[in-house]
Amino acid sequence: MFALLLGNMQDGGLPHAGCVCGNCTAARRPDFPPHYVTSLAVVDERQTPPAVYVLDASPDIKHQLHLLAPWLGAHPSQPHRLRQPDGIFLTHGHMGHVDGLAQLGKEAMNVQQLPVYASPVLGELVVENGLWRPWAHQLVLRPLTAAKPITLAPDLTITPHLVPHRDEWGTGTFGFEIRGPHRSLFYVPDIDHWNQWPAAEEILGRVDVAIVDATFYSTTELHRQIAIPHATIPETLQLWQNLPSQLVLTHFNHTNPVLDPTSAARAAVTAAGATIGAVGLRWEL
Ligand SMILES: [Zn+2]
Ligand SMILES: [Zn+2]
Ligand SMILES: [Zn+2]
């Protein structure tokens, strides 16, 4: 059993639409490694075929599902296609976390009765989306309740925890606590500010690995920062001075200087003992 990081970028990805900043320009070079929008897979190889769950349906999902080809294997009746995953877990309703669902419809992957785990309000929004109505009945909603574990195997659970994050539709935002027999992970790609989540230190301190929101390095990075709150990387590094879990950063905005391997910001993250999230990072569970 393992977790596999499928992406490390903020919703808009890299390069960003309409952007010619240094990071986006570098990302358009042909030899630039893939930086997909944040997503995490949980794979249980003991099952036949392996059970494959995807956390967040990112706009890059078509590439990310291909990373899972060794475990998805062939579609049962169409050998030139991949089998669909066994379930998709949604953290919240912002575009980088749900837009990949469109790739699952009739015009693309054409999934059949795919379990989608989401808050009840988000689940309803997804299936009532008028544009997806022709095929949304193929999504089987599995409503999530905060702090109630979903048992994927007797020794593998995913527990949603509500975290503070701007909430335009009243859907809530979840971080996911993943527990296997040997290791536990917490995946929280979006959070407004750590001090708005009273349980942060307790929950993040009890897991082995925490994969967390690192959208911005500084509050001056984006002129819209006031309207788009996220804990900055230095604030997160400071919190982790008191936490025993391994810190892994994800959900980088295209403006984030840590995307440049030669930057002082990247050196500061590494010196603090944190890991820059990258496509393909893997943790045994
Ligand atoms: Zn996001
Ligand atoms: Zn850019
Ligand atoms: Zn968000």
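Values in this text are rule-based calculations from the coordinates and carry no lab data. Keep in mind it's a predicted model, so treat the numbers as computed, not measured. Reconstructed Cβ throughout: ideal geometry from the backbone, glycine too, with neighbour counts over all protein chains shown.
General observations
- Extreme residue, farthest from ligand 2 (Cβ to nearest atom), among residues of segment 89-111 that are closer than 15 Å to R142 by Cα and part of a loop (DSSP other than H, G, I, E, B): L90
- The lone exception for G172 - which of (1) assigned to a loop (DSSP other than H, G, I, E, B); (2) among the small types (G, A, S); (3) in contact with a helix residue (DSSP H, G or I) (Cβ under 6 Å, 6 or more places away or on another chain) it fails: (3)
- Qualifying residue in segment 3-19 (condition: touching a Pro at 6+ places or on another chain (Cβ under 6 Å) and either assigned to a strand (DSSP E or B) or away from ligand 3 (no atom under 16 Å from the Cβ) (or both)): no
- Residue in segment 36-58 that is within 16 Å of ligand 2 (Cβ to nearest atom) and not in a helix (DSSP H, G or I) present: yes
- Taken over segment 62-82, the residue count meeting the criterion of being touching a helix residue (DSSP H, G or I) at 6+ places or on another chain (Cβ under 9 Å) and crowded, with 19+ Cβ neighbours inside 10 Å is 3.
- T215, sole failed condition from (1) more than 18 Å from G96 (Cβ to Cβ); (2) polar (S, T, N, Q); (3) assigned to a loop (DSSP other than H, G, I, E, B): (1)
- Top-ranked residue of segment 112-122 - restricted to ones that are assigned to a helix (DSSP H, G or I) and within 16 Å of ligand 3 (Cβ to nearest atom), ranked as nearest to V188 (Cα to Cα): L122
- Residue tally, condition within 25 Å of A41 (Cβ to Cβ), surrounded by 12 or more Cβ atoms within 10 Å (Cβ to Cβ) and among the small types (G, A, S), over segment 259-285: 3
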